Structures are given as C-alpha cells and as structure tokens.
Amino acid sequence: MVEMVSRPYATAFEKFAAGNPDILCLSADLTSSCEIDGFRDRYPDQFVSMGMAEQNMLSFAGGLGLAGFRPFIHTFGVFMYRRPYDQLMASIAYPRRKVRLMGFLPGVTTPGGMTHQSIEDISVMRSIPNMTILETGDATEVESICEAADSIDGPVWCRVLRGSVPRLFDTPIKVGEMRVLSEGDDILVVTAGITTEEAMRARSALANAGLSIRHIHLHTIKPFDHRQLLDHIGSVKHGVVTLENHVTEGGIGSLVAETMADAGVGKRLVRLGLKDTYAHGGSRPYLMRYYGLDALALVRGIEGLMGQEFGISENDLDAARIDDVHSLVKAEAL
Amino acid sequence: MRNEKTTEEVALGIRRRVFEHAMRNNGGYLSQACSAAEQLAWLYNEELNLGAPTLPPVPEPFQGVPSADNPDYHTGAGYNGPFTPEYDRLFIAPAHYALVAYATLIETGRMAPEGLEMFNKDGSSVEMIGAEHSPGMEVHNGTLGIGLSTGAGLAWGRKRRGEPGRTWVFMSDGEVQEGQTWEAVQACAFHGIDNLYAIMDVNDQQCDGAMSSVMEVGDIATKFRNFGAACVEVDGHDLSAIRDAAKEAHEGRPLIILARTSPFHTMSILEERFPRLHYVRFKSEDERARFNTSIAADLGVDPIDYAH
C-alpha cells in the first residue's frame with residue numbers, strides 16, 4: 001500500500017523558507033488552498049498578501065525580483081498565466097526575474113471545471129523564452145520542489161500537488177534529470193505528474209501480458225535532456241506512449257514528438273492526454289477515466305500501438321486511490 | 001550629479017531636440033514633448049537623486065536580449081547612475097515617451113547628442129518604444145499599465161531593505177484605463193508603500209485621439225484618493241507648482257502628482273492635427289514646411305534644414 005503524505009507542500013515550504021529574508025511568500029487570496037496559511041501565521045514578515053489582483057501581483061513580483069528578493073507566488077496555476085500573461089512575459093520572463101511560480105491544481109486535479117483547470121500551461125510555458133518548467137508527481141517531489149525551483153537563475157513554473165499526496169519516490173528532484181522507473185525493451189512510456197502513478201498501476205498487468213515496459217518520469221520539462229530521451233527510445237523495439245495531465249498539444253507528448261522528429265526517429269508514438277478538449281468539473285478518478293488519462297487509458301494506448309489486445313480489464317489494474325472530494329486536508333475541494 | 005542649466009532651459013532643449021528629430025524624420029512624438037518636457041526636465045534636473053552614468057555617452061549597439069547565454073546583458077538604467085541604496089530609481093511607464101526621455105538624457109549631460117541619431121535605427125539600442133536595454137530604461141513598459149506595479153514591488157523591497165532611495169514612475173493618463181493601475185494603487189495603500197512616487201502627464205490624449213472620445217475616465221484625482229493614494233493636481237507646465245506638489249505629505253501612501261498639460265504647449269501649430277496627436281507624421285511637404293517654420297519660431301530656433 002502506497003504511503004500517503006498529508007499536505008507535503010505546507011511542511012516543505014515552511015522548512016525551506018522560514019528565516020530566509022530574501023524569500024517572500026506571495027498569495028492571491030488562496031492562502032489555505034495553497035497550504036501556506038501556517039507559514040503566513042508563523043512568519044508574517046515574509047508573507048505578502050496581494051489580494052485577488054493577479055496582474056499587479058506578477059508585475060509587483062517582478063519589482064521585488066529587481067530589488068533582489070526571490071518571491072514564491074502561490075495561487076492556482078490558471079490564475080497565474082491566463083489573465084496576467086502580459087505581466088508574466090514583460091515583468092518576469094523577459095528580464096529573468098527569480099520569481100518562483102507555484103501553480104496549484106494542475107490539469108484535472110480539481111473539480112473546479114474549466115476556470116480552475118490549467119490544461120495548457122505547459123504548452124504556454126514551453127514557448128516562453130527564459131522559463132524553466134518543473135512538475136511534481138509525488139510527495140517527495142513536492143517536498144523538494146522549493147529547493148529545486150530556487151536553484152534556477154531565472155523564473156520557474158512549477159506544477160504543485162497538494163492535499164493527500166502519494167509517496168512514489170525516495171530521492172528529491174534533481175533538475176535536468178529524468179527518473180527511470182523500469183527498463184524494459186518493448187515500449188517506452190513517458191509520464192509526468194499524476195499520470196506517473198497511473199502508469200505504475202498498469203505495470204503488473206502489462207508484465208503479465210508479456211510486455212516489457214520502459215517507463216520514465218519527467219519532473220523537469222524545460223530545459224530538457226533530448227539526448228537521454230533518444231537513448232531510451234533507442235532501447236525499445238516498438239515505440240513510445242506518452243500520458244499527460246494536459247492537452248496533447250504542446251505538453252510532454254509534443255516534447256517527445258519534437259525530439260523524435262528532430263532526430264529522425266521512425267518509431268510509432270501514441271500521445272495520450274486531453275484531446276483538443278476542455279474538461280469539466282468532477283472528481284479526479286472520474287475525470288481521468290472520462291478523458292482517458294488513467295491506467296486503463298494507457299493500456300488501451302499501448303494496445304493501439306501494438307495492434308493487439310491483451311485482455312486487460314480494470315480488475316487487473318492495481319487499485320486506484322479513491323480520495324474523498326472533501327476532506328480534512330483540503331476543506332473546499334477547489 | 002546636477003546640471004548647469006536651469007530646468008526651464010532643459011525643458012526648452014528637450015523640445016528643440018524632439019522638434020529637430022521630427023522634422024528630419026518626417027514625423028515623431030512631438031506632442032509628448034509639448035506636454036511632458038517640464039516633468040522630465042524637473043525629474044532629471046532637480047528632483048531625482050541620481051549618480052553619474054555608468055554607461056558610455058554614445059550608446060552601445062543592441063547587445064541581445066536577456067538569456068542564460070547572454071551573461072553580459074545589462075539594462076539601459078546605467079544612464080540614470082548606479083543602483084546603490086541612496087539613489088532614486090525612475091521608470092518611464094509609457095515607453096512611447098522614449099524620444100522625449102532620450103532628449104532629456106542629452107540635455108542633462110547623461111547621453112551624447114549622437115544617441116538621438118541612433119533612434120529607431122536597425123541594430124540600435126535607442127529604440128522607438130523604450131526597451132529595457134534602451135538608454136535610461138530599467139524595465140520594459142511598452143505594454144501600458146504595468147509600470148506602477150513594478151515600481152510598487154521595487155519600492156516595497158527597497159523599504160524592506162532600509163534603502164533611503166525613492167522609486168519614481170513617470171506615467172501617462174491613458175494608463176488609468178487599465179485595471180492594473182488601480183490594482184497597483186490599492187496594493188500600495190494596503191502595504192503602506194510611501195517611498196513610491198508617480199508623476200503623470202495628464203494631457204487627455206491617447207492613440208485614438210482625445211481620451212473623452214475613446215474612454216471617459218472621470219475625476220482621476222478623486223479615484224486615486226479613494227483607492228488610497230495621496231494625489232495632487234497641478235499645472236504641468238508650472239515648475240514651481242510641480243515642486244510644491246512633491247512636498248505633499250503622504251505617510252503610508254504613495255504620492256501621485258497629476259500634471260495637467262497641453263499636448264500643443266509651445267508648438268501651437270500642432271493643434272491643427274488634433275485629435276490625432278499620438279504620433280505626428282507630416283502628410284505633405286507643404287505641411288512639413290509650415291510646421292517647420294511655425295515650431296521653429298515658437299522655440300526660438302532657425303527652421304531645420306531637413307533636406308540634408
């Protein structure tokens with residue numbers, strides 16, 4: 001049974017930031033929702049409440065960066081790039097301010113529907129010069145995201161998980177690397193964020209079906225080690241399947257496709273994720289099933305690539321975690 | 001660093017340089033020189049506490065944008081002196097005033113006159129819309145409405161670090177149409193940011209024409225006060241009034257000076273082009289010649305020999 005960690009970001013951010021006067025904690029009225037309420041109460045001098053005014057917040061953070069501070073901005077990811085995109089560009093990305101953009105509720109991890117689900121943020125951030133992109137897939141990565149982000153000489157976009165988060169890994173994020181979770185030679189599976197746990201759920205069923213899976217997990221999306229990915233692609237016989245909590249345009253599926261095309265790799269690629277669609281409000285397991293982001297969707301994607309069915313059903317997959325939509329660790333599921 | 005000239009002389013010099021530039025290039029940001037020359041002259045010649053420039057008098061060519069691969073990148077803020085704690089900082093929020101700002105740097109001895117000849121030339125850092133790397137600029141402000149927020153963040157940070165230097169933002173009145181301006185003022189009031197100062201060129205003009213015809217903004221002084229700023233309205237061509245305005249007490253609040261100005265002040269023939277004053281391009285050789293004669297007389301100089 002996988003270990004579940006309660007509010008890992010709350011603990012990790014406080015441990016990282018407390019007492020460092022150059023680190024500031026900015027929030028746009030989503031302080032408890034981003035698990036920094038305890039930090040606000042215990043370290044008020046490092047906490048700057050910016051209210052529901054994201055355009056000002058991003059330019060203000062740029063000014064703080066100019067004054068030598070390293071602001072960590074906390075809000076839901078969508079609110080940090082859709083409305084204030086111009087400010088993100090002009091005040092933070094262009095001048096390479098050391099602003100750490102902690103984007104909560106990546107993809108379908110919220111029942112809040114279209115307005116709350118950042119489904120195209122990776123695509124946007126990948127196309128912004130000077131931007132670094134990190135994504136957390138488990139509690140250990142959430143616990144190490146602050147150090148990883150703060151090691152970057154420039155702005156950093158982080159997809160952060162909150163609430164009750166599974167522990168899948170025992171080593172912290174090492175920026176620029178990728179995790180190799182299995183070293184098979186039939187198919188390469190590439191995942192990031194919450195889809196990594198899904199791929200791990202499918203592991204035993206795929207092995208029982210006689211498939212040898214090579215599985216890599218990405219926490220660093222930009223900059224990206226194309227050479228290492230190509231080595232993994234070269235190690236499998238049949239092709240690559242990507243599974244992402246994001247639209248399939250511009251995210252890790254595109255990243256893999258571009259890498260393969262640039263190098264002239266002639267293998268098959270199946271990109272799984274949100275297929276040119278918005279999502280709607282609902283529980284995470286429901287949304288992952290409905291939009292084809294879960295373990296079963298991965299199995300079907302692999303079957304499609306191989307051109308054969310393996311007779312794997314939901315019952316053959318390791319149990320999905322069923323989180324309560326409302327729970328003590330996240331009072332308002334939003 | 002203080003200039004030998006009076007501020008009136010600096011303002012006249014700014015207008016003469018912008019006039020000469022506009023005649024030679026068949027157009028330019030003439031009305032911004034009419035409305036803002038006193039404000040920028042006053043900032044650079046009197047009010048701002050700035051050190052000596054740290055960049056060469058003749059601007060370097062474009063040196064590339066910020067990137068991890070461009071370690072020698074620097075902004076154009078070195079024309080305003082070093083960034084040390086005691087000195088003031090200035091953002092030109094409407095970067096479309098760049099030509100006027102460059103002329104100010106020349107008139108106050110911070111940039112060589114050759115700098116203006118590089119204006120809007122390919123490969124030059126003296127860009128038409130002031131960029132971070134343009135002389136006297138520290139941030140990109142070509143997207144209007146972001147300057148005050150950036151100034152607020154810098155001012156908050158400098159106050160936290162105990163730096164005595166102030167942060168000034170030169171603004172334009174069109175920026176009050178942007179919601180971000182009001183977000184910035186409310187944040188300044190909430191956080192008690194009183195080392196932030198703005199002087200706004202209220203010339204009632206924007207790109208499409210008179211602001212009243214594009215988007216009515218109402219009584220902006222009352223609006224600024226209601227959002228939590230200290231706000232003083234003055235005649236923006238009256239230097240003694242501007243000087244007095246800067247002395248207004250504003251503990252716990254930013255000070256915003258509204259400088260009410262005329263977009264044809266000292267260049268009366270420009271009124272012919274009302275209400276399209278944002279960028280004046282001459283429509284005929286005849287118009288160009290008439291403007292040359294008229295403005296030269298207004299500014300007390302010979303007409304520009306722009307044929308050469």
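Taking chain A as a Gaussian network, where each spring joins two C-alpha atoms under 10 Å apart, which residue of A:D45, A:D37, A:D185 fluctuates the most? Result: A:D45 has the largest fluctuation of those listed.
Per the Debye calculation on region A:8-167 with a single equal scatterer at every Cα and no solvent contribution, log₁₀ I(q)/I(0) for q = 0.10, 0.12, 0.16 Å⁻¹ amounts to -0.30, -0.43, -0.82.
In order along region B:200-215, phi translates into HN-Hα couplings of 10, 7, 8, 9, 6, 10, 9, 4, 6, x, 4, 4, 5, 8, 9, 7 Hz, rounded to whole numbers, per the Karplus curve 6.51 cos²θ - 1.76 cosθ + 1.60 with θ = phi - 60° and x for Gly and Pro. Treating each Cα of region B:62-180 as an identical point scatterer and summing with the Debye formula, the log10 of I(q)/I(0) at q = 0.12, 0.13, 0.14 Å⁻¹ comes to -0.45, -0.53, -0.61.
For region A:24-86 and region A:252-297, what is the centre-to-centre distance using only Cα atoms, to the nearest Å? So the separation of the two Cα centres works out to 31 Å. Under 20 Å from a label point set 7 Å out along the Cα-to-Cβ vector of A:H226, the amide N atoms of region B:59-82 belong to B:67-70. Full extension of the chain segment joining B:D208 with B:N26 gains 63.5 nm, where the gain is 0.36 nm per residue of separation less the Cα-Cα distance. Neighbouring Cβ atoms from other chains, within 10 Å of the Cβ of residues in B:136-149, number 5 on average.
Here is how the number arises for chain B: DSSP H runs of 4 or more residues each give -39500 (n - 2.57), the sum is divided by the residue count, and the result at 222 nm is -10000 deg cm²/dmol.
Using the Cβ-Cβ distance between A:R300 and A:R268 with R0 set to 25 Å, the FRET efficiency works out to roughly 0.95.
Please report the base-10 log of the normalised intensity I(q)/I(0) for region B:7-299, using a Debye sum with one equal scatterer per alpha carbon and no solvent, at each q in 0.08, 0.12, 0.13 (1/Å). Calculated log10 I(q)/I(0) at the listed q: -0.32, -0.74, -0.87. Taking each of B:K159/B:K247; B:K5/B:K159; A:K15/B:K159; A:K98/A:K222; A:K222/A:K267 in turn, the alpha-carbon distance tops 21 angstrom for B:K5/B:K159; A:K15/B:K159; A:K222/A:K267. The fewest-to-most ranking of B:F264, B:F119 by surrounding Cβ atoms within 10 Å reads B:F119, B:F264.
Shown for A:H238, B:H133: other C-beta atoms within 10 Å of each C-beta, ranked fewest to most, produce the order A:H238, B:H133.
With R₀ set to 30 Å, the beta-carbon distance separating A:T171 from A:E249 gives a calculated FRET efficiency near 0.45. In percent, rounded to a whole number, the relative contact order of chain A is 17, using alpha-carbon pairs under 8 Å and six or more apart. This ranking places A:L305, B:L277 by how few other beta-carbon atoms lie within 10 Å of each, fewest first, which gives A:L305, B:L277. Remark: region B:149-160, residue by residue, has Karplus-estimated 3J(HN,Hα) of 4, 5, x, 5, x, 5, 5, 4, x, 5, 5, 4 Hz, where x stands for each Gly or Pro and the curve is 6.51 cos²θ - 1.76 cosθ + 1.60 at θ = phi - 60°. When peptides B:81-89, B:203-211, B:27-35, B:185-193 are ranked by their average number of other Cβ atoms within 10 Å per residue, the highest-first order is B:27-35, B:185-193, B:203-211, B:81-89.
Values quoted throughout were computed directly from the atomic coordinates according to the rules given, and no laboratory measurement underlies them. Quick caveat, the model's predicted, so the values are computed rather than measured. Note: ideal-geometry Cβ built from the backbone for every residue, glycine included; neighbour counts use all protein chains shown.
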